[in-house]
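The values are calculated or read from the model by the stated rules, or taken from the named source; none is laboratory data. It should be emphasised that the depicted structure is a prediction, and the values quoted were computed from it without experimental measurement. For neighbour counting, all protein chains shown are included, and Cβ atoms are generated from backbone atoms with ideal geometry for every residue, glycine included.
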């Protein structure tokens, strides 16, 4: 009896933890625990800073790291992925909280989680690679700019008269309120930046953000400097995550779907990008569809337990790998340690100065902006890619991510279709005596009198439909041979163009012979009834066979 085998291209929907645990050892457990503790220490100030940048309380960033981090580690498709709040979501979350409230954020995040699970079950993991890199680079840089602008207020110690939501309005408010500048806040901010920049050059093992938080908190506490701290602006809670269920209505769900879709796409792109980076570091291969399912469940769990949207965090994942983490156990340890810190040490977070939080987010924005990618794109990419990049970047800053991704994708698709249309062409050939090295070159073929050969190069789709119009103009022939060896695909408009050519030839008593029609075009033509109309015998596998068929038709016409 023949055993059924899994296809090489078919990916298992099985968490990585269940695969690696079979050969798990005590020594690897020790390494995973160390890595998990170090990543938790790194995640602590980052989670608080990103929560504040998102317009929510500091503990909600930790809830996200605890719940989402554990679920992604337990059920995810990567050996070393660390999940939690990331900078990519900060502006989206802040916008949703400001306009829709916390209930709106919870519902949006749950819907996004459901979308991610569906994407994973439908095996859409592989399709995300078709989102152009220029769009990813554009909105990532745009998000970095919005985060940076959003932190200028706290870095300079400004007092805003209004509470602007949009980035452009924040810039206006900064200029209007520059008179409230607090030099003491700037000093703390600069000290924080100096630690964040210089510390890793000496002691990379101890997170610079943690040192900045401790040092600057002590300075503000014991120097009596008038600087806003977390306690000044937020209420601190050390309660562990607890279940909260929002009120849901169909109208609310319908209104929040665009936000949910944006969160889902961004979570999918960033988490899978993090997985790819991690694969390169440890020589493994992640399961993209299982990762999407885990990210979906993690976002649902995070929302229900008071957190915010989560995704794979590239920097924390890299730190996990560098410190010896090689299995999902490290990610689970990270979540447990963050939970312990929340319960035992959270009251001390109230002393963290807001300029220090701003400085941490400045570094986060710099690290995520990918300015080198932008520079390389400008130097090497076609103009169409550069246009897409800057349109996405500007729209992210001026409007929001929903508009930026939507218009970016449409623009990228339109420009791609134009590029494909530009390379699609049809050549007419007659009997020409010429020497060529390619035995299949039409110039070396004996073309019968009364026969005209057209060779189409490139995909036949709606944007290139006008390229075939002149094939209809030549009526003083007996046979039209259409060579399609370089046509990988046709769409409905391409088939319709061929149908019009055949019908017009029919009206002028011109027979049509097709040569070397590839698999997809042949199926499309069969489905449209074009094969039946032309006749199966007039579809030839090679140009030589097609020319012999043309000769046969010429003889039939002469003897008629």
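Below are the figures for this structure:
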quantity: Number of the condition not met by residue 326 [criteria: (1) part of a helix (DSSP H, G or I); (2) at pLDDT 90 or above; (3) in contact with a helix residue (DSSP H, G or I) (Cβ under 7 Å, 6 or more places away or on another chain); (4) within 24 Å of residue 34 (Cβ to Cβ)]; calculated: (1)
quantity: Some residue of region 265-276 being out of contact with any helix residue (DSSP H, G or I) (no Cβ under 8 Å at 6 or more places or on another chain), free of Cβ contacts under 8 Å to residues at least 24 places away in the same chain and assigned to a helix (DSSP H, G or I); calculated: yes
quantity: Given (1) in a helix (DSSP H, G or I); (2) modelled with pLDDT of 90 or more; (3) buried (at least 23 other Cβ atoms within 10 Å of the Cβ), index of the condition residue 522 fails; calculated: (3)
quantity: Of all residues making up region 386-408, the number that are over 10 Å from residue 138 (Cβ atoms) and modelled with pLDDT under 85; calculated: 6
quantity: Residues (buried (at least 21 other Cβ atoms within 10 Å of the Cβ) and not in a loop (DSSP other than H, G, I, E, B)) located in region 306-320; calculated: 311, 312, 314, 316, 317, 319, 320
quantity: Residue within region 334-343 that is in a helix (DSSP H, G or I) and free of Cβ contacts under 8 Å to residues at least 60 places away in the same chain present; calculated: yes
quantity: Matching residues, region 497-523, being more than 13 Å from residue 482 (Cα to Cα) and more than 39 Å from the chain's Cα centre (by Cα); calculated: 500, 503, 504, 506, 507, 508, 509
quantity: Residue satisfying condition, being under 30 Å from residue 295 (Cβ atoms) and modelled with pLDDT of 90 or more, within set 253, 187; calculated: 253
quantity: Some residue of region 334-344 being touching a helix residue (DSSP H, G or I) at 6+ places or on another chain (Cβ under 8 Å), crowded, with 23+ Cβ neighbours inside 10 Å and under 15 Å from residue 34 (Cβ atoms); calculated: yes
quantity: Matching residues, region 20-54, being under 24 Å from the mean Cα position of the chain (by Cα) and not in a helix (DSSP H, G or I); calculated: 54
quantity: Residue 198 surrounded by fewer than 16 Cβ atoms within 10 Å (Cβ to Cβ), out of contact with any strand residue (DSSP E or B) (no Cβ under 9 Å at 6 or more places or on another chain), modelled with pLDDT of 95 or more and part of a helix (DSSP H, G or I); calculated: no
quantity: Residues satisfying the stated conditions in region 159-184, i.e. loosely packed, with under 15 Cβ neighbours inside 10 Å and either assigned to a helix (DSSP H, G or I) or not assigned by TED's automatic domain parsing to the domain that holds residue 100 (or both); calculated: 168, 169, 171, 172, 175, 176, 178, 179, 180, 183
quantity: Residue check, residue 212 within 18 Å of residue 360 (Cα to Cα), surrounded by 12 or more Cβ atoms within 10 Å (Cβ to Cβ) and either free of Cβ contacts under 8 Å to residues at least 24 places away in the same chain or within 33 Å of the chain's Cα centre (by Cα) (or both); calculated: yes
quantity: Test for residue 88: is it surrounded by 22 or more Cβ atoms within 10 Å (Cβ to Cβ) and at pLDDT 95 or above; calculated: no
quantity: Output for region 105-135, where each listed residue is under 24 Å from residue 415 (Cβ atoms) and either outside the structural domain of residue 371 (by TED's automatic domain parsing) or surrounded by 22 or more Cβ atoms within 10 Å (Cβ to Cβ) (or both); calculated: 134, 135
quantity: Members of region 322-333 found to be surrounded by fewer than 21 Cβ atoms within 10 Å (Cβ to Cβ) and under 26 Å from the mean Cα position of the chain (by Cα), listed by number; calculated: 322, 326, 332
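A quick yes/no check of all residues on (1) crowded, with 20+ Cβ neighbours inside 10 Å; (2) within 26 Å of residue 148 (Cα to Cα); (3) out of contact with any helix residue (DSSP H, G or I) (no Cβ under 8 Å at 6 or more places or on another chain); (4) modelled with pLDDT of 90 or more:
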| residue | (1), (2), (3), (4) |
| --- | --- |
| 281 | no, no, no, no |
| 349 | yes, yes, no, no |
| 358 | yes, yes, no, yes |
| 372 | no, yes, yes, no |
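The rows are residues; the columns are (1) surrounded by 15 or more Cβ atoms within 10 Å (Cβ to Cβ); (2) within 23 Å of residue 476 (Cα to Cα).
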position	(1), (2)
506	no, yes
512	yes, yes
517	yes, no
528	yes, no
544	no, yes
